[in-house]
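The values are calculated or read from the model by the stated rules, or taken from the named source; none is laboratory data. These numbers were taken from a predicted model, which means no experiment stands behind them. Using ideal geometry, Cβ is built from the backbone for each residue, glycine included, and neighbour counts are taken over all protein chains shown.
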Amino acid sequence: MYYGSIEAGGTKFVCAVGNDQGDIQEAIQIKTEAPEVTMPKVINFFKQYSLKAMGIGSFGPVDIDKGSRTYGNITSTPKLAWRDYPLVQTIQEAFPIPIEFNTDVNAAALGEATLGAAKGLDSCLYITVGTGVGAGAVVHGELLSGLSHPEMGHILIPRHPKDTYEGKCPYHKGCLEGLAAGPAIEARWGQKGVALSDRKDVWELEAFYIAEALMQYILILSPRKIILGGGVMKQKQLFPLIQDKVKALLNGYLALPEVTEAIESYIVPPGLGDHAGITGGLILAKQAERASEKANI
Ligand code: ADP
Ligand code: ZN
């Protein structure tokens, strides 16, 4: 029997079955269209298997409060067809097995903390810089949550004095996501990031914004490892730029060797590559199974 994992994204759903060691037996990608089109395909894939439990990491915002009437829903997403969509309920009706649900970045953070770049550490921060900016934090081995899941992509950061682009976030314009996500890069420079690889100024500015955000996350959360993923971070030249800028911003204040001597092993790409989220889903499934066993004792 396998665990099921869903990484529900704005452009595609990745569905996989595997075990809690991150070994994936089979995975497929399904285009994200309207729920009526996408969800039957998702359910059909998993129907081929006999599953022990399922883990779902979803684009959001999502309702992860188990006591809430709308638990498991995608909430105020700009993707209108999915607004208020009962994702967990739909899966639960098709599969009467334990299900654990969280954001896509939280699932990725859990995957990286359990089997990836932060394996063996009790805390880490996973940040994706892609269509949006999102982050998940593992603290004391558990995903950090409170009123809801953190929304670290929307923090306000000082603007670069030479940057005149107003920002793309519909809520805050020039928040981190509004200034540094893939669509902001495209709007500011008139081309997609992938076509701007050799433009030094583009990546200097991008690293400036990401480093400012990391400085704040480091000071507030003190993670043992920072993992940067998502489409924009495929520009590998960003890593040394970000590492140098974080070091400069901290300016020796944190006298910790992780930052002062070995920052290249502190701010790193995902150890699981593009599988962080889907692997995290398998770990969520395992957690769901454990919780249900406990509840039945
Ligand atoms: P999503 O965030 O939708 O899950 P991605 O993480 O792939 O998907 O992010 C997509 C965004 O990242 C787009 O804005 C795209 O332009 C940008 N992007 C994707 N690949 C690259 C690349 N190699 N270099 C720079 N930007 C990229
Ligand atoms: Zn915002």
Check your understanding: Going by the conditions given, is Ile91 among the aliphatic types (A, V, I, L, M) and not assigned by TED's automatic domain parsing to the domain that holds Gly229?
Key -> yes
Exercise for review: Test Thr128 against the criterion of being buried (at least 19 other Cβ atoms within 10 Å of the Cβ) and either under 15 Å from the mean Cα position of the chain (by Cα) or part of a loop (DSSP other than H, G, I, E, B) (or both), and give yes or no.
Suggested key: yes
Point to revise | In the range 169-191, the residues that are under 23 Å from the mean Cα position of the chain (by Cα), within 15 Å of ligand 1 (Cβ to nearest atom) and more than 11 Å from Val133 (Cβ to Cβ) | key: Ile185, Glu186, Ala187
Practice item. Output the number of the condition that Ala213 fails; it satisfies all remaining conditions of (1) crowded, with 21+ Cβ neighbours inside 10 Å; (2) within 16 Å of ligand 1 (Cβ to nearest atom); (3) part of a helix (DSSP H, G or I). Key: (2)
Practice item. Please state which of the following conditions Thr38 fails to meet, knowing it meets all the rest: (1) under 23 Å from Gly132 (Cα atoms); (2) part of a helix (DSSP H, G or I); (3) in contact (Cβ under 8 Å) with a residue 40 or more places away in the chain. Key: (3)
Exercise for review: Answer yes or no: is there a residue in the range 181-203 that is hydrophobic (A, V, I, L, M, F, W, C), in contact with a strand residue (DSSP E or B) (Cβ under 6 Å, 6 or more places away or on another chain) and assigned by TED's automatic domain parsing to the domain that holds Leu238.
Suggested key: yes
Exercise for review: Working carefully through the options Tyr3, Tyr71, find the one that is of a type in the set (Ser, Thr, Tyr), part of a loop (DSSP other than H, G, I, E, B) and either within 26 Å of Pro150 (Cβ to Cβ) or without any contact (Cβ under 8 Å) to a residue 24 or more places away in the chain (or both).
Suggested key: Tyr71
